[in-house]
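The values are calculated or read from the model by the stated rules, or taken from the named source; none is laboratory data. What you see is a predicted model, and the numbers here were worked out from it, not measured in a lab. Glycine gets a Cβ as well: all are built from the backbone with ideal geometry, and neighbour counts include every protein chain shown.
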Amino acid sequence: DEFLNAGNYSYFVTAVYDDVQESAPSNTEEVTVTLAAPSDLQAVVAAPDIDLSWTAPAGNRSLTGYTVYRNNQQIVQVTETTYTDEDLENGVYAYYVKALYGSYESEASNEVIIELTEANNIIIPENTALLGNYPNPFNPTTEISFALKDAEKVNLEIFNVRGQKVKTLVNKSMDAGLHQIVWEGLDDAGKQISSGIYFYKMQAGEYNATRKMIMMK
């Protein structure tokens, strides 16, 4: 029984004799179906915007996108694992994300609550986070964004699917705040990379994170 919506389902079986007579039902089996939800939702203030990022759900069911909710109201559907809520007024904003499987929706991710105030114009991010890259897929240039809660030495590197380092983008101390690094699709030797899947890994203090991107020609 495939592609069910989340919920509780009851199953039993009967035997059919001579295509006419049907036996009494077997025992009933109760099954609960859940749809994998996004996880690790994070929010970083870049007043008057709020940058959201999250981790895709595990599982092999066909994922078609995500619905982003602000204060329990749907605001957008996206296919990436990042979204920027732009030009917000001062106030308190609560966010969560649900995964879309065709016309079905998963349970909610964790919720994050952010307060925008006048002080947010100079606020330092509450968390260090590798936010993602845009565009993705890309050709030949993409911009990788990350946030630093404190001044840290940052190492940001690109690897191919064989685990071989392709490019070192950052290897230096950086101030707290939001940062964007442009990668022009060149390796450390200055050669254009081939199309395919690549991974970018960031280390800053005790923080480590890896994300995937696709170079498409």
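Name the residue that is modelled with the lowest pLDDT, counting only residues in segment 29-48 that are over 25 Å from ASP87 (Cα atoms), exposed (fewer than 15 other Cβ atoms within 10 Å of the Cβ) and touching a Ser or Thr at 6+ places or on another chain (Cβ under 6 Å). Looking at residues that are over 25 Å from ASP87 (Cα atoms), exposed (fewer than 15 other Cβ atoms within 10 Å of the Cβ) and touching a Ser or Thr at 6+ places or on another chain (Cβ under 6 Å), I get GLU30.
Restricting the search to strands (runs of 3 or more DSSP E) fully inside segment 118-217 and requiring at least 1 residues that are closer than 21 Å to GLU80 by Cα and outside the structural domain of LEU52 (by TED's automatic domain parsing) gives 129-134, 142-148, 152-160, 177-183, 196-204, 207-215. Within segment 27-62, track down each residue that is among the hydrophobic types (A, V, I, L, M, F, W, C), within 12 Å of the chain's Cα centre (by Cα) and more than 14 Å from ILE113 (Cα to Cα). ALA37, TRP54, ALA56, ALA58 - these are the residues of segment 27-62 that are among the hydrophobic types (A, V, I, L, M, F, W, C), within 12 Å of the chain's Cα centre (by Cα) and more than 14 Å from ILE113 (Cα to Cα).
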